[in-house]
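Rule-based calculations on the coordinates, nothing more; no lab input. Computed from a predicted structure; not experimentally measured. Every residue, glycine as well, gets a Cβ built from its backbone with ideal geometry; the counts of neighbours run over all protein chains shown.
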Amino acid sequence: MIAMEENTTALACEKHGAQTAKIWRLTDSADWSPARCPECLREQEEAELARKQEQERKAGVQARERAIARHIGECMVPLRFAGDTFDTYHPTCPKGGAALETCRRYAEGFATQSAGLILCGLAGTGKTHLACSIVSHVIRHHGKSARFMKTAQAVRVVKETYSRNSSLTEQEAITSFRRFDLLVLDEVGVQFGSEAEKNILFEIINERYENLLPTILISNLAVPALESFVGERVIDRMRENGGRVIVFDWPSYRNNPPA
């Protein structure tokens, strides 16, 4: 085992003035290590730590930016709505303003959010705009993944497993909808509304519900018609854990664009 001897010596630092520095030598050596100003050493260590922390910060920012870019590329929001945000939504009535604030709060609290959201009512009232605004906020501000898709497409993903040539089982297809932190299903009510489709939609939503993953439904149907179409089980799942239903029952923006 190598034995070391420690001592101190006085030195004059050009920057810090008179200092007492530690020096070392091997016990069988006459040569002491060079004396270095302890304040200079402390500053160097702090500068090195700050440099490493800045490198880690930049690496974290770059990783987050890459993840956001990937999530944006994979979210499948239609090009028409790709630039939609809460700031570009201009309500023309108090109910529209209330819908905006509810959706904004939903997006801002997404990090601890597992409740569903239903946006239903008249066409042209901004349901898709607000849903896409939520998607954008969730990706850009929370770094989460999201997928926007038509309900018929989601149902088709599961139905395709019924083919002999399918590489997935029905359950695997349903489980695949857990890949996204947020799932938005548009045009609920455009499908046939058969019992098989109701069951598929319930299984998708229930799979996400059981794994604390929120789902947003968009429909041009009124609440009673929507419940009749998708079934009571789906509506119940969407309303559990504080899930909200926002009814869009004001005139279409397409006919009355905001000033």
Quiz item: Which Cys residues of the chain have no other Cys Cβ less than 4.7 Å away and so no disulfide-compatible partner by this rule?
Solution: 75, 93, 103, 120, 132
Quiz item: Running Debye on the chain with equal point scatterers at the Cα sites and no solvent, what base-10 log of I(q)/I(0) appears at q = 0.10, 0.12, 0.14, 0.15 Å⁻¹?
Solution: -0.59, -0.75, -0.97, -1.09
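If you keep only loop residues by DSSP, which GluC sites (Glu not before Pro) in the range 10-93 have at most 14 other Cβ atoms within 10 Å of their Cβ?
Filter output for the range 10-93: 14.
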Self-check item: Solution diffusion estimate, µm²/s, Stokes-Einstein, the range 11-74, Kirkwood Rh from C-alpha pairs, 37 °C, viscosity 0.692 mPa s
Solution: 210 µm²/s
Quiz item: Non-local amide H neighbours of residue 221 (under 5 Å, H modeled in plane, Pro and chain starts lacking H): which ones?
Solution: 121
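Just want to confirm a number: the relative contact order over the chain, from Cα pairs under 8 angstrom separated by 6+ residues, in percent.
It rounds to 21 percent for the chain.
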Exercise. Show the residues, 5+ positions off or on another chain, whose built amide H is closer than 5 Å to the amide H of residue 23.
Key: 7, 8, 9
Self-check item: Rounded to 5, percent antiparallel among DSSP beta bridges of the chain
Solution: 35 percent
Self-check item: Folded to 0 to 90 degrees: helix 38-74 orientation relative to the chain principal axis, Cα
Solution: 20 degrees
Quiz item: In whole Hz, what ³J(HN,Hα) sequence does the range 10-23 give by Karplus (6.51, -1.76, 1.60; θ = phi - 60°), x for Gly and Pro?
Solution: 8, 8, 10, 8, 4, 9, 10, x, 5, 9, 10, 10, 7, 9
Quiz item: Residue-wise, which Karplus ³J(HN,Hα) couplings in Hz belong to the range 131-138, taking 6.51 cos²θ - 1.76 cosθ + 1.60, θ = phi - 60°, and x for glycine or proline?
Solution: 4, 5, 5, 5, 4, 4, 5, 4
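What's the longest bit of the chain with no exposed trypsin sites (Lys or Arg not before Pro), using DSSP loop states and at most 11 other Cβ atoms within 10 Å as the test? Please report the intermediate quantities before stating the final value.
Details: sites that count: 15, 164, 254.
The answer is 16-163.
From the cross-link list 58/127; 58/150; 22/52, which pairs have alpha carbons spaced over 32 Å apart?
Numbers: 58/127 37 Å; 58/150 38 Å; 22/52 26 Å.
Those over the limit are 58/127; 58/150.
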Quiz prompt | Amide H contacts of residue 116 (H built 1.01 Å from N, under 5 Å, at least 5 apart or other chain) | solution = 215, 243, 244
